[in-house]
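First the structure, in the form of structure tokens, and then the observations on it.
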Amino acid sequence: MSDRAPPVTIDTARRALAARFAGAGLDSPELDARLLVGAALSLDLTGLVSHGQRQLTADEAARIERLAQRRLGGEPVARILGAKEFWGLPLRLSAETLVPRPDTETVVELALEALGSDRRNRRLCIADLGTGSGAILLALLSELPNAIGIGTDLSLDALLTARDNAVRLGLADRADFVACSYASALSGWFDLIVSNPPYIRAGDIAGLAIEVRAHDPLRALDGGVDGLDAYRALIPQAAGLLRPGGALVVEVGQGQSGDVEGLMTKAGLQVDFPATRADLAGIPRAVIGRKKP
Ligand SMILES: C[S@@+](CC[C@H](N)C(=O)[O-])C[C@H]1O[C@@H](n2cnc3c(N)ncnc32)[C@H](O)[C@@H]1O
């Protein structure tokens, strides 16, 4: 009788990996296993299904195992792949960009709503403060064919990544990127300013999941002692750059919407009712303030 291990097919490897991920308590074991096996073999979902019964080579099995070890060590799938989908757009990531979160799509939704139903025909000027991978700005430009936009960040690595994403998505002719603190280098008038700034209280960062604390850049997370430092800086700047009737839409952390509404009011913005939009978990996630018309 042969003592060689039985041949492993792509399907068996994927199922075994999902079971290991489930056993390790990962949130989405099936999806993670599918994405990593697909990445190791350069196969999309259709390829994984159609090649499911093909046997793995030793090299392929080793490639899958290397990615599995990274995931089991707490590295998010998006970091391993270097890419994440946001608002249906494939975005590249780099060391200094946050992995864009589905919750942030709430900011895009509220911003689009604030621009009104004729928004696709309007010539709009948009700023995204702390643009990271460019996620919010590029999502908005993809929906607004007559808009132009500028993204700012302190990280040059993030700005280069955002620019690369704009090029890949065919939006580069309407998107600029500049290194500065929030809106400090901007002038002129904006119809819409958006931001998902760092808003985690400094003391809470050590208690975040390893996927976040060890793999998202600290600069993208750290909101100072009470988590509100970025809002204190950017809300007065934005209030001075909005056209009459223009809107500022920011993402907030859990429990921060009241404080952020207060900072908007103090900066002279009108806080509409309702001023917030909840994410899928029902948590107020985006806050809007408007410059008086
Ligand atoms: C929470 S991340 C958001 C990234 C991206 N907008 C998104 O939603 O995925 C915050 C971003 O703000 C940037 N940032 C931090 N401090 C900044 C500052 N003073 N001025 C401009 N950007 C800043 C970080 O580098 C990071 O890219």
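The values are calculated or read from the model by the stated rules, or taken from the named source; none is laboratory data. Because the structure is a prediction, the values reported are computed rather than measured. Glycine gets a Cβ as well: all are built from the backbone with ideal geometry, and neighbour counts include every protein chain shown. Surface areas here come from the heavy atoms of the whole protein model, side chains and all, with no ligands, DNA or RNA. Shrake-Rupley method; radii C 1.70, N 1.55, O 1.52, S 1.80 Å.
Some points to look at:
- Those residues of segment 85-125 which are farther than 21 Å from ILE288 by Cα and hydroxyl-bearing (Ser, Thr, Tyr), in sequence order: SER94, THR97
- Residue count for segment 112-151, restricted to those that are free of Cβ contacts under 8 Å to residues at least 24 places away in the same chain and polar (S, T, N, Q): 1
- All positions within segment 230-269 that are within 13 Å of TYR199 (Cβ to Cβ) and either open to solvent by less than 10 Å² (accessible area, probe 1.4 Å) or free of Cβ contacts under 8 Å to residues at least 24 places away in the same chain (or both): ALA230, TYR231, LEU234, ILE235, VAL250, GLU251, VAL252, GLY253, GLY255, VAL260
- Test: ALA114 is crowded, with 18+ Cβ neighbours inside 10 Å, in a helix (DSSP H, G or I), away from the ligand (no atom under 16 Å from the Cβ) and at negative phi: yes
- Of all the listed residues (LEU93, LEU67, LEU89), the sole one being within 26 Å of GLY253 (Cβ to Cβ) and either in the same structural domain as LEU35 (by TED's automatic domain parsing) or buried (at least 21 other Cβ atoms within 10 Å of the Cβ) (or both) is LEU93.
- Within segment 154-168, not a single residue is in a helix (DSSP H, G or I), over 21 Å from LEU138 (Cα atoms), among the β-branched types (Val, Ile, Thr) and more than 9 Å from the ligand (Cβ to nearest atom).
- In this entry, VAL99 is excluded by the filter for residues that are away from the ligand (no atom under 15 Å from the Cβ), open to solvent by less than 40 Å² (accessible area, probe 1.4 Å) and under 16 Å from the mean Cα position of the chain (by Cα).
- Check on ALA62, open to solvent by 20 Å² or more (accessible area, probe 1.4 Å) and small (Gly, Ala, Ser): yes
- Qualifying residue in segment 130-142 (condition: near the ligand (Cβ under 10 Å from one of its atoms) and farther than 18 Å from PRO90 by Cα): yes
- Exactly one residue among LEU192, LEU137 is open to solvent by less than 50 Å² (accessible area, probe 1.4 Å) and assigned to a helix (DSSP H, G or I), and that residue is LEU137.
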